[in-house]
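One structure is given here, and the rest of the page talks about it.
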Amino acid sequence: MRGPVQTDARAQVQEMFAQSVAVLSQPSPATFERYERRGNLNAALLYVMVAAVVSAVIAAFFALFHSDVSFFGQLISRLIIIPVQFLIFTGAVYLIGKNLFKGTGTFSEVAYSFALFFVPLSIVSTLIGIIPVLGWLVSFLIGLVMIYFGFLAVQSSMNLRDQGQSIATLVLAWIASFLVSAAVGGFFASLFAVGRAISGN
């Protein structure tokens, strides 16, 4: 018997998927604005976790055929890294859009808007990415599509109608999230190295 929480979560994911279809098939700031206030940060994270689970399962499966990576390492790292990177990037979009360009959106609106296109496109990229050569090419093209939808989502969620400001927000957010992710990754890598040194492994 399914509990009410599980049922609600499933219904919410189904609703967001329907919104994703609308956003992807009718790309415009107006389409994003139609849905940006229908959810919140928790809904966005729930949806992003769907993409994280798909990526984690596929990465863990292929880890079985490679001795240099572990099954549980791939599984757990994907489940953590993907939502954390999503939060860092959307947080950067919100802070930069608000403080540099006087955007009036909320963090929840930014996260929800970005989740609507990020989740389905990242799942497609993950599934096709396992195909040699073709997978890399399609993943690259999907990356370009994500940039375009990110541009539309910035305009909508932060209420920035100036295209230059929207592009600048997106670029600066990417740089900021890259630096933050690198710093966090370096910190944990250092801790891991220290732990190995202490344990003598």
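Mean-square fluctuations from a GNM of the chain, with a 10 angstrom spring cutoff on Cα atoms, peak among Met16, Met158, Met146 at Met146.
Can you compute the helix-only [θ] at 222 nm over the chain? Use -39500 (n - 2.57) per DSSP H run of at least 4 residues, normalise by all residues, nearest 500 deg cm²/dmol.
Taken over the chain, the calculation gives -29000 deg cm²/dmol.
Given R₀ = 30 Å, FRET efficiency for Leu100-Arg34 by Cβ-Cβ distance, to 0.05? After rounding to 0.05, the efficiency reads 0.70.
For the chain, the relative contact order comes to 25 percent (Cα pairs under 8 Å, sequence separation of at least 6).
So with the 1.4 Å probe, I'd like the accessible area per residue for segment 9-199, rounded to whole Å².
54 Å²
Shown here for segment 54-115: chymotrypsin sites (Phe, Trp or Tyr not before Pro) in loop regions (DSSP other than H, G, I, E, B) with at most 10 other Cβ atoms within 10 Å, namely Phe65. The C-alpha atoms of the chain define a longest principal axis, and helix 134-157 lies at about 40 degrees to it.
Among the protein heavy atoms of the chain, carbon and sulfur supply 71% of the accessible surface, probe 1.4 Å, non-protein parts ignored. Computed extension length for Asp162-Ser181: 4.0 nm, one decimal, from 0.36 nm per residue of separation with the Cα-Cα distance subtracted.
The values are calculated or read from the model by the stated rules, or taken from the named source; none is laboratory data. Keep in mind the model is a prediction, meaning the values are calculated, not measured. Don't worry about glycine lacking a Cβ; one is built from the backbone with ideal geometry, like all the others, and counts go over all protein chains shown. The protein model used for the area step is the full one, side chains on, heavy atoms only, and it has no ligands, DNA or RNA in it. Shrake-Rupley method; radii C 1.70, N 1.55, O 1.52, S 1.80 Å.
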